[in-house]
1. For Val174 and Thr11, what does the FRET efficiency come to when R0 = 30 Å and r is the distance between their Cβ atoms, rounded to the nearest 0.05?
2. So who's got an amide H within less than 5 Å of the one on Trp20, skipping anything under 5 residues away but keeping other chains? H placed 1.01 Å off N, in plane.
3. What are the ³J(HN,Hα) values, in whole Hz, obtained from phi via the Karplus relation 6.51 cos²θ - 1.76 cosθ + 1.60 with θ = phi - 60°, for each residue of the stretch 27-44 in sequence order, with x given for Gly and Pro?
4. Under 11 Å from a label point 7 Å along Cα→Cβ of Met96: give me every residue in the stretch 29-59 with its amide N that close.
5. May I ask you to order 299-306, 58-65, 160-167, 142-149 by the average number of other C-beta atoms within 10 Å around their residues, highest value first?
6. Could you tell me the ratio Rg/Rh of the stretch 5-229? Both radii from Cα atoms, Rh via Kirkwood.
7. Order 173-181, 5-13 from most to least packed using the mean count of other Cβ atoms within 10 Å.
8. Can you work out the PRE-style zone for Glu4? Point 7 Å along Cα to Cβ, and I want the residues of the stretch 178-194 with backbone N under 19 Å.
Amino acid sequence: MGVEIRVEGLTKRFGRQTIWEDVSLTLPAGEISVLLGPSGTGKSVFLKTLVGLLKPDRGNVWIGDRNLPQLPEDLLYETRKLFGVLFQDGALFGSMNLFDNIAFPLREHTKKNESEVKRIVQEKMEMVGLIGAEGKLPGEISGGMRKRAGLARALVLDPEIILFDEPDSGLDPVRTAYLNQLIVDLNAQIGATFLIVTHDINTARTVPDNIGLLFRRELIMFGQREMLLSSEEPVVRQFLNARRVGPIGMSEEKDISELEAEAKLGSDPGKLPPIAPQLMPSDGRIRPTQHAPGSWLRAHGVTPPPGSFIDDLGRDWVQEWPRYVASMGASAGRGL
Ligand SMILES: Nc1ncnc2c1ncn2[C@@H]1O[C@H](COP(=O)(O)OP(=O)(O)O)[C@@H](O)[C@H]1O
Ligand SMILES: [Mg+2]
């Protein structure tokens, strides 16, 4: 149920341009992680390096006992089948209807007969809420539906790892909320390891178990959601709180003089906002890999900002959790 990915000292260059260097992180098996960063920081390049579509200049990508950059072609091809990837635009074939688009990996990579293909395609289309749209062409449907079709296609080979490249780009806030819920529900259902690249702060704050931030060719921080949401590190703080004052400028990187001017003014990054409760599966079950609210903070002696973990109904999820876990019985995973 989901595999761990261990990235060690990963560096990627294109010619003389260093995209990022010495990136190390572990995506825990079955958990949802988010990678944040200003545009152009190499998030898509990172995803492509994880699947082995791009070769890093240095470093390792361990999936079990296989180190992707070192694998011979045939093993790399095999290992890639563990991944499902949702590319930014859905990457559907414009001249193929949704059924054929979603069936494509099955026809390409397996020897399944047409009735099996049909059963699997329909199962995945149902999982993403696309039943009835089999005959539609990508150009005839909304952006949100195209994302879901791309997601269904990423699911057909029953991946252990799913990579999402800006699933929320181009979607309105309501569609983004639906898609985020779908992602959490899918994770609960299939238990694969998820990595979501986004620059939607709300997605980053509410969906994942872990958050990472890429900035200026470095992975600034990677860790449990509560660690980043309570962090005082200026870049993390600015990015997760969408503030203007801080190291990140409009042109992605402020120049030194601008930063010095701000330092002189004694720019106040403000108080940390409350940590929202994490999005739960819509059937109310607890994901097997879900962490108890407040557990990282407690373990590290960090006091959360006032108002944290309180939902729209005024319930405090740190208080509620033990009772909630008990009421869900044995289906609760790590939630204690
Ligand atoms: N195949 C490539 N060859 C050369 N440069 C590339 C290639 N792919 C991406 N880049 C460069 O890498 C940088 C990061 O790109 P990208 O990963 O798309 O950023 P992000 O997804 O964070 O917006 C950009 O400067 C881009 O021009
Ligand atoms: Mg990108």
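1. So the FRET efficiency works out to roughly 0.15.
2. Close amide H contacts, sequence-distant or interchain: Lys12.
3. After applying 6.51 cos²θ - 1.76 cosθ + 1.60, I find 8, x, 4, x, 8, 9, 10, 10, 10, 10, x, x, 5, x, 8, x, 5, 5 Hz.
4. none
5. Values: 299-306: 11.2, 58-65: 15.1, 160-167: 23.6, 142-149: 20.5.
My ranking of the peptides, most packed first, is 160-167, 142-149, 58-65, 299-306.
6. Working: Rg = 17.3 Å, Rh = 18.0 Å.
Result for the stretch 5-229 is an Rg/Rh of 0.96.
7. 5-13, 173-181
8. Once the point is set 7 Å along Cα→Cβ of Glu4, 191-194 turn out to lie under 19 Å by backbone N, inside the stretch 178-194.
Every number here is computed from the coordinates shown, using simple stated rules; none is lab data. Since the structure is predicted, the reported quantities are computational estimates derived from the model, not experimental observations. Cβ atoms come from the backbone with ideal geometry, glycine included; neighbour counts cover every protein chain shown.
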